[in-house]
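The values are calculated or read from the model by the stated rules, or taken from the named source; none is laboratory data. Here the structure is a predicted model, which is why all the values come from computation and not from measurement. Positions of Cβ are backbone-derived with ideal geometry, glycine not excepted, and every protein chain shown enters the neighbour counts.
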Amino acid sequence: MTSCKLFDESFVMVATKNKIVGYPLDETHQKGIAMDPIGGLSITSIDFEFESRTIFVSEASGINKGITAYAIGESAPRPIVRDTFGSMTIRSIAVDWINFNLYFINQDSERTNIEVCKLDGQYRYQICEFHRTNDNQQQRFY
């Protein structure tokens with residue numbers, strides 16, 4: 001389990017495919033990092049909810065496939081969305097900090113879904129679904 005300990009109040013988060021690091025905006029910071037790094041196998045997107053001080057992370061594979069919440073100062077990450085269907089993976093997430101919703105794009109090779117749930121994962125709902133078919137004569141995707 002990864003804990004998420006904060007070292008500096010003002011920081012910028014940088015995500016790569018396998019790690020999220022917070023760098024302090026204050027150059028006099030001793031450690032050079034603002035929070036403990038968060039590891040992953042295939043991180044696709046991150047977002048932050050300021051009021052609860054929670055980092056939301058989506059991963060495309062591994063034991064944390066789906067969306068996981070890491071609250072700064074808490075030791076245990078919380079699974080938010082785990083049940084993606086078939087080969088669908090979550091590609092992008094966005095926190096709605098006014099209504100406390102989490103929007104995300106769930107995608108595979110044939111379709112793309114835009115979904116929403118509360119920040120704790122409850123009330124998951126599919127807003128819309130797009131199917132990809134190739135029209136060879138017009139060279140357009142639908």
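Name the pairs: first residue in the stretch 41-56 and under 9 Å from residue 95 (Cα atoms), second residue buried (at least 20 other Cβ atoms within 10 Å of the Cβ) and among the acidic types (Asp, Glu), Cβ to Cβ under 8 Å, at least 6 apart or on different chains?
Hits for this filter: 56/47.
Sort out which residues of the stretch 50-70 are part of a loop (DSSP other than H, G, I, E, B) and within 15 Å of residue 10 (Cα to Cα), and write them in order of number.
50, 51, 53
Which condition from (1) under 18 Å from residue 49 (Cβ atoms); (2) touching a Phe, Trp or Tyr at 6+ places or on another chain (Cβ under 7 Å) is the one that residue 111 breaks?
Answer for residue 111: the failing condition is (1).
The conditions are (1) at pLDDT below 85; (2) closer than 17 Å to residue 71 by Cα, and residue 26 fails exactly one of them. Which is it?
(2)
Do you know which residues across the stretch 58-73 are in contact (Cβ under 8 Å) with a residue 60 or more places away in the chain and out of contact with any Lys or Arg (no Cβ under 9 Å at 6 or more places or on another chain)?
Answer for the stretch 58-73, where residues must be in contact (Cβ under 8 Å) with a residue 60 or more places away in the chain and out of contact with any Lys or Arg (no Cβ under 9 Å at 6 or more places or on another chain): there is none.
Among (1) within 12 Å of residue 120 (Cα to Cα); (2) surrounded by fewer than 20 Cβ atoms within 10 Å (Cβ to Cβ); (3) within 11 Å of the chain's Cα centre (by Cα), there is one condition residue 45 misses while meeting the rest; what is its number?
Single failed check for residue 45: (1).
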